[in-house]
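**Q** Encoded as structure tokens, here's the structure I'll be asking about.
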Amino acid sequence: MENNNVAPVALVTGASRGIGRACAIKLGQKGYRVVVNYNSNEAAAQEVVDAIVAAGSEAVAVKANVGDPAEVKTLMRETINAFGQLDVLVNNAGIVKDEFVLMMTSDTIDKCIDLNIKGYLYCTQQAVLKMFSKKKGSIVNVSSVSSKLAVPGQSVYSSTKGAVNAMTATMAKELAPYGIRVNAVAPGFIATDMIDDIPEEKREEYLKDIPLKRFGTVEEVANIVAMLAGDESSYLTGQVVVLDGGLSL
Ligand code: NAP
């Protein structure tokens with residue numbers, strides 16, 4: 001039975017590192033009880049839980065591969081078991097693999113689509129089932145500036161992020177009658193493990209194209225995600241906020 005007097009609950013997928021970690025901590029600081037989803041790194045996820053608890057909120061770590069629909073159902077069940085409700089879903093877990101179009105393997109295509117598209121769809125379906133009864137909810141999809149900008153080597157990745165933007169708009173329209181908002185943030189280059197793999201000279205090249213002349217931080221993404229998640233953005237739905245230091249202008 002849901003209790004409306006307790007703190008709202010946010011589930012962040014892929015929250016053991018990078019952008020997801022920063023979002024989980026930010027939402028915890030804002031008073032949400034947080035489900036910290038991870039795929040493999042239990043110690044890192046537990047460290048995120050500890051940081052949220054130290055800041056005065058509640059959190060649990062739940063292992064699930066969100067590209068697997070059965071594991072997503074278990075993740076939602078464990079969310080409800082822990083906190084009794086779900087108010088915010090942050091679809092964040094994603095992978096990037098840069099390959100020239102002729103070198104793209106079926107394995108890369110499958111992995112990117114399974115996590116970056118299907119994972120978002122499975123999590124959203126399950127979350128919406130929990131949000132219906134309350135007639136209120138907020139879903140934030142982490143997209144990418146690569147959905148708007150042609151980056152050589154990212155045919156698969158940019159396709160998946162373009163799909164995220166499309167599902168954000170469609171779901172926003174479908175779910176508005178049920179009080180559920182759906183928005184996305186499209187980060188540019190953000191300093192995380194994901195971009196550590198980019199060779200130094202390539203990074204320098206990218207920096208030249210960024211008007212603000214630096215990569216973004218995970219905290220800067222988390223600030224936007226928290227704004228989109230909460231009532232500060234209560235009249236905003238179906239939008240993709242591009243957070244790229246001006247790169248795509
Ligand atoms: P990251 O540092 O590589 O972290 C990825 C996170 O996803 C980890 O917590 C990882 O958990 C989790 N994960 C991986 N596979 C998973 C699965 N199958 N199920 C559940 N969790 C899984 O990534 P990031 O750079 O923070 O990127 C996060 C999101 O931002 C992605 O959607 C990415 O496309 C987007 N983005 C990033 C940038 C950037 O510059 N970094 C720019 C634009 C968009 P474990 O460690 O436990 O495996």
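Values quoted throughout were computed directly from the atomic coordinates according to the rules given, and no laboratory measurement underlies them. Just so it is clear, the model here is predicted, and its values are computed rather than measured. Cβ placement follows ideal geometry from the backbone for every residue including glycine, while neighbour counts extend to all protein chains displayed.
**Q** Take the range 162-195 and flag every residue that is outside any strand (DSSP E or B) and under 15 Å from residue 117 (Cα atoms). Walk me through it before giving the result.
**A** First, the residues of the range 162-195 that are outside any strand (DSSP E or B): 162-179, 188-189, 191-195.
Correct list: 162, 163, 164, 165, 166, 167, 168, 169, 170, 171.
**Q** Return the residue satisfying two criteria in turn: it lies in the range 177-206 and is touching a residue at least 40 places away in the same chain (Cβ under 8 Å) and away from the ligand (no atom under 16 Å from the Cβ), and of such residues it is farthest from residue 241 (Cα to Cα).
**A** 178
**Q** Which residues, taken from the range 89-109, are closer than 28 Å to residue 240 by Cα, of a type in the set (Val, Ile, Thr) and more than 16 Å from the ligand (Cβ to nearest atom)? Full working, then the answer.
**A** Pass one, the range 89-109, residues closer than 28 Å to residue 240 by Cα: 89-101, 104, 108-109.
Then drop every residue that is not of a type in the set (Val, Ile, Thr), which leaves 90, 95-96, 101, 108-109.
The one that is closer than 28 Å to residue 240 by Cα, of a type in the set (Val, Ile, Thr) and more than 16 Å from the ligand (Cβ to nearest atom): 101.
**Q** Next question, about the same structure. For the range 5-84, give me every one of the helices (runs of 4 or more DSSP H) that falls completely inside it and has 2 or more residues that are within 8 Å of the ligand (Cβ to nearest atom).
**A** Values: elements: 18-29, 42-54, 69-83.
Once the helices (runs of 4 or more DSSP H) in the range 5-84 are filtered for at least 2 residues that are within 8 Å of the ligand (Cβ to nearest atom), what remains is 18-29, 42-54.
**Q** So is residue 153 on the phi > 0 side of the Ramachandran plot, more than 10 Å from the ligand (Cβ to nearest atom) and out of contact with any helix residue (DSSP H, G or I) (no Cβ under 8 Å at 6 or more places or on another chain) or not?
**A** Judged against the criteria, residue 153 is a match.
**Q** Tell me which residues, restricted to the range 97-139, are part of a loop (DSSP other than H, G, I, E, B) and not β-branched (Val, Ile, Thr). If you could, list the steps in order and put the result at the bottom.
**A** Kept after step one, since they are part of a loop (DSSP other than H, G, I, E, B), are these residues of the range 97-139: 97-100, 104-105, 135-136.
Across the range 97-139, the qualifying residues are 97, 98, 99, 100, 104, 135, 136.
**Q** Here is a further query. Given the residues 50, 87, which is the only one that is in contact with a Pro (Cβ under 9 Å, 6 or more places away or on another chain), farther than 23 Å from residue 162 by Cβ and of a type in the set (Asp, Glu)?
**A** Working: 50 fails: in contact with a Pro (Cβ under 9 Å, 6 or more places away or on another chain).
Just one listed residue meets the conditions, 87.
**Q** Here's another thing I want to ask about it. Could you list all residues from the range 140-154 that are assigned to a loop (DSSP other than H, G, I, E, B), touching a strand residue (DSSP E or B) at 6+ places or on another chain (Cβ under 8 Å) and without any contact (Cβ under 8 Å) to a residue 60 or more places away in the chain?
**A** Keep residues of the range 140-154 that are assigned to a loop (DSSP other than H, G, I, E, B), which gives 143-144, 148-154.
Within this subset, residues satisfying the condition of being touching a strand residue (DSSP E or B) at 6+ places or on another chain (Cβ under 8 Å) are 143-144, 148.
Selection gives 144 alone.
**Q** Look through 5, 41 and report the one residue that is surrounded by fewer than 21 Cβ atoms within 10 Å (Cβ to Cβ), of a type outside the set (Asp, Glu) and free of Cβ contacts under 8 Å to residues at least 12 places away in the same chain.
**A** Numbers: 41 fails: free of Cβ contacts under 8 Å to residues at least 12 places away in the same chain.
Only one candidate passes the filter, namely 5.
**Q** OK, next. What single numbered condition from (1) within 19 Å of residue 127 (Cβ to Cβ); (2) buried (at least 17 other Cβ atoms within 10 Å of the Cβ) fails to hold for residue 96?
**A** Going through the list (1) within 19 Å of residue 127 (Cβ to Cβ); (2) buried (at least 17 other Cβ atoms within 10 Å of the Cβ), residue 96 breaks only (1).
**Q** Tally time: how many residues in the range 210-233 are more than 19 Å from the chain's Cα centre (by Cα) and either touching a residue at least 40 places away in the same chain (Cβ under 8 Å) or surrounded by fewer than 16 Cβ atoms within 10 Å (Cβ to Cβ) (or both)?
**A** Within the range 210-233, the first condition is being more than 19 Å from the chain's Cα centre (by Cα), and the residues that meet it are 210-214.
The next check asks that each one be either touching a residue at least 40 places away in the same chain (Cβ under 8 Å) or surrounded by fewer than 16 Cβ atoms within 10 Å (Cβ to Cβ) (or both); those that pass are 211-214.
Of the residues in that region, 4 qualify.
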